[in-house]
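Trainee: Here's a structure for you.
The values are calculated or read from the model by the stated rules, or taken from the named source; none is laboratory data. Computed from a prediction, not measured in an experiment: that's the story for all the values here. Cβ: placed from backbone, ideal geometry, glycine included. Neighbour counts: every protein chain shown. Ligands, DNA and RNA are excluded from the accessible area calculation, which covers all protein heavy atoms including side chains. Shrake-Rupley method; radii C 1.70, N 1.55, O 1.52, S 1.80 Å.
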Amino acid sequence: MAGNSAPWIGSAYLFLQSTCKTIVLPSLYESSQKKPSVFKALKLALADSTGSMNGVDMLKVHCSHPHLIVQLKFCKQENCRRFLQSYREGVLQKSLQNHLQLSLAMTTVPLEMELKAGSEHLDNMLKDEDRCLECIYGEKPDRLRDEEITELEECLKSLIVHQSINNNMAVKDCASLNSPSLLHPSQGSSLSSQATFIFQGQEFANRMLTPDDHQKFAKLVSKKWKQVGRSLQKNCRALRDPVIDNLALEYDREGLYEQAYQLLLRFIQSEGKKATIVRLIAALEENGLISLAEELLGLHSNEDCC
């Protein structure tokens, strides 16, 4: 479908409608009080479907009664394939129902879903996954992310922070919160104080990096250690480009394990208590090292990460 040098980018529209007459999704989304809760449910359900908070991007949410229409953008074929599988097997629908139920404090939120790419109704061809991928790839996004979506992203991050601080009690007023990012913790100086963070739709306790984390990272990161280092350097002065390049030269004979080990050692030594797992997971996720992130968070049952 795509050339070897061209990025895989595609777009689709997800149509959502509640089968319960008393639950009108567009009306809930148009409500300033309910909108953050609906957005949170959408974000977490989509993360569940792809296995990553960055697996699929929401560009805009349209209210077209009785439907709520979510414009989606995929930047990797593998993420789109995971989404299609989740959609086909009903996992996405169940996940969204559960997240809406929790976010809106309702007993149940029955849903009907429909997926379209351009003029193609993908529900009619879900068994032919390759054809669905071709249709989605053939539809390029016609817009950048809506400003409202960016604001809701920030709102969601603030909600998660305050829920963890307030014993997981929902905070309705998220517009005035200024807590650091948990979904994309690449900025801010108070990362070490974050209690929890979200990865693949699950909540994890933040903590300092351990010797076990250090060894697993060095063993499994392989050739991408430099890329991870450049992600960490965004808020770590000890990992500027000359340092990373010097590590590559100094430990060239010892190999990739030692180069990666020394990189993380520099990070830990310079950041101290701020050298937390949330920062490393964010750097790994940014570079597509999801399996290694899962290994560090104990989501694998065996020692073989990749």
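Trainee: Which of the aspartates and glutamates could be linked to Lys274 by a straight reach, that is with a Cα gap under 20 Å, when you skip same-chain ones fewer than 8 residues away?
Mentor: Correct list for Lys274: Glu203, Asp212, Asp213, Glu285, Glu286.
Trainee: Quick query: amide H of Ser52 versus all other amide H atoms, modeled in the peptide plane; which residues come in under 5 Å with a sequence gap of 5 or more or a different chain?
Mentor: For Ser52, no residues qualify.
Trainee: With respect to the cross-link table entries Lys40/Lys116; Lys234/Lys273; Lys43/Lys219; Lys35/Lys94, which display a Cα-Cα separation exceeding 27 Å?
Mentor: Cα-Cα > 27 Å for Lys43/Lys219; rest within.
Trainee: To the nearest 10 square angstrom, what accessible area does Leu42 show with a 1.4 Å probe?
Mentor: That residue has around 10 Å² of solvent-accessible surface.
Trainee: How big is D, in µm² s⁻¹, for the stretch 23-137 by Stokes-Einstein at 37 °C and 0.692 mPa s if Rh is the Kirkwood radius over C-alpha pairs?
Mentor: Numbers: Rh = 14.5 Å.
After rounding, the answer is 226 µm²/s.
Trainee: Is there a quick way to get the dipole size of the stretch 10-154? I mean about its Cα centre, with the Cβ of Lys and Arg at +1 and of Asp and Glu at -1; what is the value in debye to the nearest 20? Working shown, then result.
Mentor: On the way: 18 positive and 21 negative charges, 55 e Å.
Here the size comes out at about 260 debye.
Trainee: To continue, here is another question. Sort the stretch 196-297 into rounded, prolate or oblate with this rule: let a ≥ b ≥ c be the square roots of the eigenvalues of the Cα gyration tensor; rounded if a/c is under 1.5, and if a/c is not under 1.5, prolate when a/b is larger than b/c, oblate otherwise.
Mentor: Working: a/c = 1.81, a/b = 1.51, b/c = 1.20.
Prolate.
Trainee: Need one number: nm distance between label points at Arg237 and Glu151, each 7 Å from Cα along Cα→Cβ, rounded to one decimal.
Mentor: 3.6
Trainee: OK, next. Say each of Thr210 and Ala248 gets a label point 7 Å from the Cα, pointing the same way as Cα to Cβ; how far apart are those two points in nm?
Mentor: 3.2
Trainee: Oh, and also: Starting from the amide H of Leu111, placed 1.01 Å from N in the peptide plane, find each other amide H under 5 Å away whose residue is 5 or more places distant or on another chain.
Mentor: Amide H to amide H, under 5 Å and 5 or more residues apart or across chains, Leu111 pairs with Thr19.
Trainee: Can you tell me what percent of all Cα-Cα pairs in the stretch 69-111 are more than 15 Å apart? Each step should come with its number before you reach the end.
Mentor: Values: 483 of 903 pairs.
Counting pairs separated by more than 15 Å, the tail of P(r) holds 53 percent.
Trainee: How large are Rg and Dmax for the stretch 40-107 when calculated on the C-alpha trace, in angstrom?
Mentor: 12.0, 36
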